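Novice: Attaching a single structure in structure tokens format; questions to follow.
The values are calculated or read from the model by the stated rules, or taken from the named source; none is laboratory data. On a predicted model such as this, the values are computed, not experimentally measured, just so you know. Cβ: placed from backbone, ideal geometry, glycine included. Neighbour counts: every protein chain shown.
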């Protein structure tokens, strides 16, 4: 999915000349008035721990009622929404 998105020729590509990985010296110059910002970013980076398996989707766990499988639950919800018309709040009328 991501590869398809990145290779989509219709995808907006708005870039500036400042979008690149800056060197330590460039960052120090940019943040010379707030030197603690650089140290804080290092501390934040030390606390981050993310491991991704490339090419494999990783979705959050989604609890379903009665331990129903996610596929079955989503199919049931989709069917329910198609059959039952939406109702306006408080009016009882269908939308």
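Novice: May I ask you to list pairs of residues, at least six apart or on different chains, whose Cβ atoms are under 9 Å apart, with the first in the stretch 51-72 being on the phi < 0 side of the Ramachandran plot and the second being surrounded by 10 or more Cβ atoms within 10 Å (Cβ to Cβ) and part of a loop (DSSP other than H, G, I, E, B)?
Specialist: Sorted first by the residue in the stretch 51-72, then by its partner, the pairs are 70/64; 72/64.
Novice: Follow-up. Scan the stretch 56-69 residue by residue and report those that are assigned to a helix (DSSP H, G or I) and at pLDDT 85 or above.
Specialist: Passing the criteria: 65, 66.
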